Amino acid sequence: MVKLNCVVLSAVFCCIAIYSKLVPIKNSGYKSLIPVKSLSYIQGCLYSSPVKMTSGNVYSANMSLQKVSGYVGHHFVNSSASGFLPIIIPAYIAEHSRGTYFEHGERLCLYGFWDNNTLNFHVSSLKMNYGYKQNVAGIVNNFRAFCRISFKRLLSSWGVAGGLIVSLLSGSRDCLSPDVCNSFRNAGLSHILALSGMHLSFISGLTGMLCYRIFGKKYELLARFSGIIIFVWFAGFSPSLFRAFLFSLLLMILVIFKCRVDEDCFISVLSSVFLLHIMIRPYDLFTIAFMLSYAALAGILILGNVFLRYACRVLPSYIAGSVSSSVSAFIATSPISLGFFGYVNPIGILASVIVSPLISLFLAVSFFCILFSIMLSFLSPVFSSILNELYYIILFFVNFFARG
């Protein structure tokens, strides 16, 4: 039974008030004198790294606006602008524009048009790239973009396995074929490709374990925190990853101050994270990733132990925990999936139990293969073969459940 305290009650009240629209949320969207439907030119900086859509032909991103142009009546008008605008970038522009990374923080001028059907600004051409701002933030963003592009190029030689590594560690699906992405979605495994707490926990655990083996327990917590910071900086703050980051950060603070951490504490921490998240990034509130991320973790924390007691009666303990977590997350996220997509996929419960451990193994092997291939580059073909074999094992199960 979840104990209700002021933090939990505040989170529940805010959730009800926001999603029932009792409390209006300040709109950080498009603001300009020119109607959005009249836009033909926008200038600003990318607020998020473009994400390849399922079709594989276009990328979606958000742009923080500075200037816009378009026809108002019979006159072509220029105007300042603010807020964010969702944009669609054709793959041939995003992938083949020389000297342009198309990464977070890059300042771009784009021609295109507003589509009322998709509610996105569709880019038709790149007019100019102003690069990154000449300040600390700009230098950091430029270095991050360079690291992400170099990482993709390094792993491109590892074929399909390299594409999966890029997706799992950077959130970019550029190197995955649309068929593979569709298979993960049809198998109810889209959450594995979406950066979330699973990836953050893996990185934190791996860096903590390595530090413990080498330097002992004294620096383990620092290593975990460093691993988390580096990963979220490299991967970027998606709504689910930002939630996982805040959750991990608050838990570490509790550990440092030697506070008691139990089931009730986890619920309070999640409630605190929710309140912090909506204050820092209110524009995440109505994204599907935000809703699914919080609903899934809340379901696991509230219902997990209930199902675990029953699962332990018929299943080994190491399987019962995974099954109970999958069932709890499925129940909690089903209303959201039905509302947005019109269907739910129960096969994802069983698929997660089998595929998630394989993904964790794949990530662990990938991490060491990357390190050793940097030091011993002549062994790269050997590492590529090992990872591709693991990849095809994972893909076999993904395709099996996708057909189910």
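For segment 256-269, the set of residues classified as out of contact with any Leu (no Cβ under 6 Å at 6 or more places or on another chain), open to solvent by less than 60 Å² (accessible area, probe 1.4 Å) and of a type outside the set (Asp, Glu) consists of CYS265, SER268, listed by residue number. Considered as a group, the residues in segment 66-90 that are open to solvent by less than 10 Å² (accessible area, probe 1.4 Å) and among the aliphatic types (A, V, I, L, M) include one that is modelled with the lowest pLDDT, and that residue is LEU85.
When PHE237, PHE247 are checked against the criterion of being surrounded by 13 or more Cβ atoms within 10 Å (Cβ to Cβ) and outside any helix (DSSP H, G or I), a single residue qualifies: PHE237. Which members of segment 80-99 meet the condition of being touching a residue at least 40 places away in the same chain (Cβ under 8 Å) and more than 14 Å from ALA61 (Cβ to Cβ)? Residues satisfying the conditions are SER80, ALA81, SER82, GLY83.
Applying the criterion of being open to solvent by 100 Å² or more (accessible area, probe 1.4 Å) and assigned to a loop (DSSP other than H, G, I, E, B) to the residues of segment 13-26, the residue that is modelled with the lowest pLDDT is LYS26. Within segment 327-373, the residues that satisfy the criterion of being in contact with a Ser or Thr (Cβ under 6 Å, 6 or more places away or on another chain) and more than 22 Å from SER385 (Cβ to Cβ) are VAL344, ILE349, SER352, VAL353.
Can you tell me which residue in segment 297-315 is nearest to GLY197 (Cα to Cα), limited to those that are in contact (Cβ under 8 Å) with a residue 40 or more places away in the chain and open to solvent by 60 Å² or more (accessible area, probe 1.4 Å)? Selected residue: ILE302.
The set of residues in segment 371-392 being surrounded by 13 or more Cβ atoms within 10 Å (Cβ to Cβ) and under 17 Å from PRO357 (Cβ atoms) consists of LEU387, LEU390, TYR391. Selection of segment 122-147 for residues being loosely packed, with under 15 Cβ neighbours inside 10 Å, among the charged types (D, E, K, R) and in contact with a helix residue (DSSP H, G or I) (Cβ under 7 Å, 6 or more places away or on another chain) yields an empty set. Among the candidates ILE359, ILE354, ILE374, ILE370, the residue that is part of a helix (DSSP H, G or I), modelled with pLDDT under 85 and at negative phi is uniquely ILE374. Within segment 104-119, identify whether any single residue is farther than 17 Å from ALA61 by Cβ and surrounded by fewer than 17 Cβ atoms within 10 Å (Cβ to Cβ), and answer yes or no. Within segment 104-119, one or more residues are farther than 17 Å from ALA61 by Cβ and surrounded by fewer than 17 Cβ atoms within 10 Å (Cβ to Cβ). Among the residues of segment 207-234, just one is modelled with pLDDT under 85 and open to solvent by less than 30 Å² (accessible area, probe 1.4 Å), namely GLY216.
Pairing residues of segment 109-134 that are among the acidic types (Asp, Glu) with residues that are crowded, with 18+ Cβ neighbours inside 10 Å and part of a strand (DSSP E or B), at Cβ distances under 8 Å and at least 6 apart in sequence or on separate chains, gives ASP115/ILE88; ASP115/PHE121. Per this entry, VAL166 is counted among residues that are in contact with an Asp or Glu (Cβ under 8 Å, 6 or more places away or on another chain), surrounded by 15 or more Cβ atoms within 10 Å (Cβ to Cβ) and among the β-branched types (Val, Ile, Thr). Restricted to segment 335-370, and to residues there that are within 15 Å of ALA187 (Cα to Cα) and not hydrophobic (A, V, I, L, M, F, W, C), the residue that is surrounded by the fewest Cβ atoms within 10 Å (Cβ to Cβ) is TYR343. Evaluated against (1) in a helix (DSSP H, G or I); (2) within 18 Å of VAL51 (Cβ to Cβ); (3) open to solvent by less than 60 Å² (accessible area, probe 1.4 Å), SER150 falls short on exactly one condition, (2).
Checked against (1) in a helix (DSSP H, G or I); (2) without any contact (Cβ under 8 Å) to a residue 40 or more places away in the chain, ILE349 meets all criteria but (2). Just a yes or no: is a residue in segment 180-192 crowded, with 21+ Cβ neighbours inside 10 Å and polar (S, T, N, Q)? Within segment 180-192, not a single residue is crowded, with 21+ Cβ neighbours inside 10 Å and polar (S, T, N, Q).
Only one entry in MET63, MET128 is touching a strand residue (DSSP E or B) at 6+ places or on another chain (Cβ under 9 Å), more than 18 Å from GLY29 (Cα to Cα) and assigned to a strand (DSSP E or B), namely MET128.
The values are calculated or read from the model by the stated rules, or taken from the named source; none is laboratory data. Computed from a prediction, not measured in an experiment: that's the story for all the values here. Heads up, the Cβs are rebuilt from the backbone with ideal geometry, glycines too, and the neighbour counts pull from every protein chain shown. Please note that ligands, DNA and RNA were not included when accessible areas were found on the heavy atoms of the full protein model with its side chains. Shrake-Rupley method; radii C 1.70, N 1.55, O 1.52, S 1.80 Å.
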